[in-house]
Every structure is written in structure tokens, then in C-alpha cells.
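My questions will all concern the structure given below.
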Amino acid sequence: MISFNTPPYTGNEDQYVLSAMRSNKISGDGKYSQLCHQWFDKKLNCAKSLLTPNCTQALEMAAILIDIKAGDEVIMPSYTFVSTANAFVLRGAKIVFVDIRPDTMNIDETLIEQAITDKTKAIVPVHYAGIACEMDTIMAIAKRHHLYVIEDAAQGVMSTYKGKTLGSIGHLGAFSFHETKNYTSGGEGGLLIINDDKFVERAEIIREKGTNRSLFFRGAVDKYSWVDLGSSYLPCELQAAYLYAQLESADVINNNRLASWNTYYQGLKELADKKLIELPFIPSEIEHNAHMFYIKLKDLSQRQALIDFLKEQEIMSVFHYIPLHSSIAGEKYSRFNGEDQFTTKESEKLLRLPMYYGLSKTDIAHVITQIKAFFS
Ligand SMILES: *Cc1c(COP(=O)(O)O)cnc(C)c1O
């Protein structure tokens, strides 16, 4: 059987997790958390990075940091994971969806401005499949209208846009280290990226249950107490230890995935040339991280037929998001601005093929052969 995903594992995870277990500090912000923070601070050149138990909670922290209140509006694509929306709905926001671009499945930057009202507080671009949104345009719109930009870069670790690492462009950014992502901290994990200095102190407070405990540990205050809203947003050291092993091999993982991605692309090009399928589009001036390899079929029923066909050959392929605006909660908490020209239609065509660190060339060749067999 060729599974759709296998969590990344590089070899040093055992040793580091064991060493964290045997240290005297296994709650958050010990040695391995610090090593991860240093790695990300350098990579992202950000004001501060903070590990979180998952990306969902990094987004929740972002919503608290920008002071989302009841009635505020937040613009994002409907073709995304529920957490992108939930994090803001939890603080009372109304979600305003705009259509996606059919070429990248990312928010259509040319439709954002017409969705802005006097209640709009933020734009949340989602870098789908690790392929960057059109960030220059989005940042310019945000500047003109005094809005915050929060990058949902859950899938975008190690990708770049015009040389800048994803997550480091907006005011805030969020990564995921869930087992389905390119790097994992042992199943669940996330990172909040702060690119605007003004958020740093408050982010530490929010993450430490609303207390100024971080300042206390640094000796900046002589006792710590409850000073603001907050929750517990620290992962434990075991998660950080697992992740650090993967960060040390970040390029090895990235290059391996890119090689698999390119093998798929070359192997399936023939079908795309014959217009039987569509292949992913990578805009110029961006580098992606091969988070996902997807193809697009004619429609929903052809996609299901291919899923079933591949399953018979023991190849697991999966579709992705049901657009949020058409869900039960979506109807309650959101509105779609403008026309849904591509979100629903394109999402019904998209199929994700097996993709993970260490996927063998033989398996990829087998998947390609079977997809060709389906069309012959
Ligand atoms: C995976 C994912 C999340 C959530 O990540 P968790 O770490 O599981 O909370 C959020 N947004 C997007 C776009 C994702 O792909």
C-alpha cells in the first residue's frame, strides 16, 4: 500500500526526545524550545518566534494580539482549513470570504479591496500547498487601509516569496508542525511568528496564561502576576526536541520532497499536454516547499472515479477542503463577498497524491503509471 502521508522522521528524534525526558525540565521553554526559537529567528529574521502546541493556537494568539472584537471583519479565502476562520470567530469576528485564483488556489489578491468595509481589521492569506500568495499586492492593500496581515503559513515552512521566507512578510504568521506537514514536532505543533516589535511583549504574556512570567524569568520584574488576557500556549519540551531534530535536517527534507514533486511533474506532464489533467502552477519569483502534489481532474465525478481506481491499486489519494462558506458554521459566521467563480468549482477538481519525506522513486513511478492507466 502507498499511503498518502507518513510523518517525517530523520533519525535524531529518539535521542533528543530522550534527552529532553531526562532533563529536569520537560514543560515548555527549556533547552530544545530555545534551540528551535533560535533556528526560526535566524531563518525568518523576525522580531520573535514562539512555539505553540499547534498552528490553530498560533492563529488564536494572533487574533488576540490584533484585538479582534465582536463585529470586526476578517478577509480570507473560503478554500482553507477551519482553524484559519475559527481563530477569529472565537473572538467575535465575522469572516468575509473572497474567491481564489484557479491557478494557485490562493486568495485572489485583485478581489480583496472590494471586500473591505469600515469594519475590516485584517487579511489572512493562506499559502496553499506551500505556494506563496501575491504578498506585495496584499501588503500594499493592507497599508492603504490600515489593516493587519496574518499569514497562515501552516503549509509554507521553508517556502519563499521574492526571497522572503513565508511567515515573515505579514505583521504575524503561523506555522504548523502537525504530522501531515513538512516538519513535525511529534504529531502536533505550531509556531507564531511576530514581525512587528510592538506585539512581542504582549505575545509572551498571552502565551503564559496572561501573566508576565517571561519577564520575571528574565529578571525584568521581581514577581509575576496576571496582567492581561491569556491562555496556555506553550508546547512541552518533548515536542520541541522532536522538532529540533527535523530542523537540523530541514534542507534534506525539503530537497527530498522537491525531488519527488519534480518526478511527479515530469511524469504527468504528458497527460497535462493532452489536456486530460491540470498540473500545479508555480508563479515566478517564488520557491515552494513541495508540501503537496495535486492534480486537477475534469470534475467531481471523474475525481471520485480516479480515487476509487487508485484505491484498488492500493494507492491512497485524497481530496481537500470543502469550502468553508458552504458549511453549517460558515453560513452562521461568514459571508462570501462577490461571486464564487472558482472556489467551489476548482476545489471539486483537486486531488492530492501521496507525498511525504522519503517517498520512494519506485512508488512515485507506480502512481504515475496507474494514473496513466486510468486515462488509457
Ligand atoms: C494544518 C493547517 C492548519 C492547522 O494546523 P494545526 O497545527 O493542525 O493546528 C491551519 N491552516 C492551514 C492552512 C493548515 O493547512
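Show the residue pairs meeting these rules: Cβ distance below 9 Å; 6+ apart or different chains; first residue within region 83-96 and within 9 Å of GLU60 (Cα to Cα); second residue of a type in the set (Gly, Ala, Ser) and surrounded by fewer than 23 Cβ atoms within 10 Å (Cβ to Cβ).
ASN86/ALA329; ARG91/ALA70
Oh, and also: Within region 25-81, how many residues are more than 15 Å from the ligand (Cβ to nearest atom) and under 14 Å from SER231 (Cα atoms)?
The total comes to 3.
If you don't mind, there's one more thing I want to ask. Taking region 17-55 as the region of interest, how many residues are closer than 15 Å to ILE206 by Cβ and β-branched (Val, Ile, Thr)?
1
Here are some residues: GLU208, GLU204, GLU151. Which one is over 18 Å from the mean Cα position of the chain (by Cα) and crowded, with 24+ Cβ neighbours inside 10 Å?
GLU208
Restricting the first residue to region 1-25 and requiring it to be among the acidic types (Asp, Glu), which pairs with a second residue that is modelled with pLDDT under 95 and assigned to a loop (DSSP other than H, G, I, E, B) meet a Cβ separation below 9 Å and a spacing of at least six or different chains?
What qualifies is GLU13/GLY186.
Moving on to the next point. Mind checking which residues of region 327-356 are of a type in the set (S, T, N, Q) and more than 23 Å from GLU113 (Cα to Cα)?
SER327, SER347
Somewhere in region 259-271, is a residue modelled with pLDDT of 95 or more, among the acidic types (Asp, Glu) and buried (at least 18 other Cβ atoms within 10 Å of the Cβ)?
Checked against the condition, which is being modelled with pLDDT of 95 or more, among the acidic types (Asp, Glu) and buried (at least 18 other Cβ atoms within 10 Å of the Cβ), region 259-271 yields no hits at all.
While we're here: Starting from region 200-212, keep only residues that are more than 22 Å from ASN45 (Cα to Cα), then list their pairs with residues that are in a helix (DSSP H, G or I) and of a type in the set (Gly, Ala, Ser) whose Cβ atoms are within a distance under 6 Å, requiring at least 6 positions of separation or different chains.
These pairs meet every condition: GLU208/SER214.
Of all residues in region 98-120, which are more than 14 Å from the ligand (Cβ to nearest atom), among the hydrophobic types (A, V, I, L, M, F, W, C) and in contact (Cβ under 8 Å) with a residue 40 or more places away in the chain?
Result: VAL98, LEU111, ALA115, ILE116.
Could you list all residues from region 100-132 that are farther than 23 Å from ILE68 by Cα and acidic (Asp, Glu)?
Within region 100-132, ASP103, ASP108 qualify.
Tell me, which residue of region 157-173 that is under 13 Å from ALA62 (Cβ atoms) and assigned to a loop (DSSP other than H, G, I, E, B) is farthest from the ligand (Cβ to nearest atom)?
Result: HIS171.
Hey, another quick one. Starting from region 31-46, take each residue that is under 16 Å from GLU237 (Cα atoms) and list its partners that are in a helix (DSSP H, G or I) and of a type outside the set (A, V, I, L, M, F, W, C), counting only C-beta distances under 6 angstrom and pairs at least six apart or across chains.
Correct list of pairs: TYR32/GLU237; TYR32/TYR244; LEU35/TYR244; CYS36/TYR244.
Restricting attention to region 174-195, does a residue exist that is among the charged types (D, E, K, R), away from the ligand (no atom under 16 Å from the Cβ) and either part of a loop (DSSP other than H, G, I, E, B) or out of contact with any Phe, Trp or Tyr (no Cβ under 9 Å at 6 or more places or on another chain) (or both)?
No - not one qualifying residue is present in region 174-195.
Pick out the one residue from HIS366, HIS291, HIS320 that is surrounded by 15 or more Cβ atoms within 10 Å (Cβ to Cβ), outside any loop (DSSP other than H, G, I, E, B) and not aromatic (Phe, Trp, Tyr).
The unique qualifying residue is HIS366.
The values are calculated or read from the model by the stated rules, or taken from the named source; none is laboratory data. Because the structure is a prediction, the values reported are computed rather than measured. Every residue, glycine as well, gets a Cβ built from its backbone with ideal geometry; the counts of neighbours run over all protein chains shown.
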